[in-house]
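The block underneath contains the structure these notes are about, expressed in structure tokens.
The values are calculated or read from the model by the stated rules, or taken from the named source; none is laboratory data. This structure is a prediction, so every number in the text was calculated from the model and none was measured. Note that we place each Cβ from the backbone using ideal geometry, even for glycine, and neighbour counts take in every protein chain shown. Just so you know, the surface numbers come from the protein's heavy atoms only, side chains and all, with ligands and any DNA or RNA stripped out. Shrake-Rupley method; radii C 1.70, N 1.55, O 1.52, S 1.80 Å.
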Amino acid sequence: MESDNDTQDASDMESMEDDLYSEETVVRDGEEEDEGKYGFSDNESVDSDGIVSERLQQNYTVLDETDIRKLQEDDIRSVSIVLSTSRVHACLLLRHFNWSVSKVHEEWFADEETVRRAVGLLGKQVEMPNVAELPCGICFEVHPRTAMSSAACGHPFCESCWRGYIGTALTNGPGCLMLRCPDPSCSAAIGQDMIDILAIDEDKQKYSHYLLRSYIENNRKTKWCPAPGCEFAIDFVMGSGSYDVSCNCSHSFCWNCTEEAHRPVECSTVAKWILKNSAESENMNWILANSKPCPKCKRPIEKNQGCMHITCTPPCKYEFCWLCLGSWIEHGERTGGFYACNRYEAAKEEGMYDESERRREMAKNSLERYTHYYERWATNQRSRQKALAQLHNIQTQKLEKLSKIQCQPESQLKFIIEAMLQVVECRRVLKWTYAYGYYLPEHEHAKRQFFEYLQGEAEAGLERLHQCAEKELRVYLEAEVPMKEFADFRIKLAGLTSVTRNYFQNLVQALESGLEDVGPNRQTNSSNSSSSKNISSKNSPGNSPRSSTITNNLDNYWYCERCTYANPSSNHACEMCEHRRH
């Protein structure tokens, strides 16, 4: 018989589940504060369409080259007008202060002379000596005054040396934007006006390109899209909530870390996960879990079949017993033959192999746990790529075909595109929930149990939507005449899209808040309530027997921040990399 507390917690779990899918307003006395934390219920919104519109409201602008040049010119013009200076000087000032108009104004009006010295702006133009011929300060040849040029400082150089000096600076990259007079003792700035007069056409284009890119790369509010070959930039409104950005090239990424969009996982978690996927620590774990060192040369050896008689590879060729690692010369029928070792069993009973076996078991558990999450992370990534390919196929081929078969304009078939776009987005979210689950603390059993339940429900709901958009659509594509059931299909697919979108939005919100309603004080009751709800059902992949076994085996371990190796709770330093526990 269940206790009252168990019944109440089961009711709470059911309420949270309903709220994840809910699109209607449900307000009960005394529950506004708790349920409002996750946004599972729609207490905060009367109109669900309004909420969706608000969440999808962009807090960024995608810029092409024309937009960037216009913004750059606007800033230059603004500074030039306010400071009553030339366009060239305004451009140099903005470049020096990373294209921050407010910073230029602040520093200029605080101490104009200091700013002039730092940027290389002279108070007034110094003319070259008024003589017929002048020596060049680089090649030291004498040239007519008409063939010489100088910056605001008046140091004369011939046009040939100027072209070489500018060309060399441009070859070295964006540093050419802070070019100074060639005279070693002079710090006068070289502006774009002199580049346009003295440089060759190719160098002029390079300088203009560097200047354009510096407006994005040195500006705190703008970044280039990290997709290969993309020329779009993003102007982001800081402090406006989500960091997810979608470029016009179809690439979605996180503004904060420029990795692919990864809500609900934090940037620090993504960095750790990517590092772990590429680190050598898992190779070491695999070697430790699946091999033993040769007693003579210490080379790791994997045994995947056969008897216990092992012969190391040349030049070592040492023969030993796989179980006890003793010389094979001392083995034979008296020790158990080729498939057993009495010495090993006796020593094991005395505890001689406890430490090495414990290390191997820990390595196996750690490796199995990582593999469990990584395989599912990678599977959802592949499923997302497949969904993207299907979306492209529908947009370019199937939509037109379906329009002809069902005698409906393509504008009325956009619900199919919306469904596939939702599938692509949900695959991305679901993929990163596995990274979230991997770093979820093992000791927070209630949170882990609730998270795995939500994850399983999300996966099941997404599969329903994907199957409807893929397999059920095929029936109408293969039809020869219009089908009256197509109207029902439209209602079903649009409904699944809406429900799935609502669930995943609330799931992301819940995970980003850290499942704060699920605390240690509810751990026991949550466990009991989950039994009454049958959370470990077959449609929840995160609650498989394998997953439960991994969790139970690793309850008494902590994970190293550097290499993520599973260490016993009693250890104060990592056994793998010796990193101190914090």
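Laid out as a table, the results:
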| item | result |
| --- | --- |
| Residue within segment 164-181 that is more than 19 Å from Cys91 (Cα to Cα), touching a His at 6+ places or on another chain (Cβ under 8 Å) and open to solvent by less than 20 Å² (accessible area, probe 1.4 Å) present | no |
| Tally, over segment 153-180, of residues that are hydrophobic (A, V, I, L, M, F, W, C), outside any helix (DSSP H, G or I) and touching a strand residue (DSSP E or B) at 6+ places or on another chain (Cβ under 8 Å) | 3 |
| Failed condition for Gln205, given (1) without any contact (Cβ under 8 Å) to a residue 60 or more places away in the chain; (2) farther than 27 Å from Lys70 by Cβ | (2) |
| Unique residue being more than 40 Å from the chain's Cα centre (by Cα), under 20 Å from Leu92 (Cα atoms) and surrounded by 18 or more Cβ atoms within 10 Å (Cβ to Cβ) when the list is Met194, Met148 | Met194 |
| Failed condition for Lys471, given (1) modelled with pLDDT of 90 or more; (2) of a type outside the set (Gly, Ala, Ser); (3) open to solvent by 10 Å² or more (accessible area, probe 1.4 Å); (4) closer than 16 Å to Ala387 by Cα | (1) |
| Enumerated helices (runs of 4 or more DSSP H) restricted to segment 189-280, each holding at least 1 residues that are hydroxyl-bearing (Ser, Thr, Tyr) and on the phi < 0 side of the Ramachandran plot | 201-217, 267-278 |
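Listed here are the residues, each with its yes/no results for (1) open to solvent by less than 50 Å² (accessible area, probe 1.4 Å); (2) among the basic types (Lys, Arg); (3) within 19 Å of Ala479 (Cα to Cα).
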position	(1), (2), (3)
His372	yes, no, no
Lys404	no, yes, yes
Glu418	no, no, no
Tyr439	no, no, no
Phe450	yes, no, no
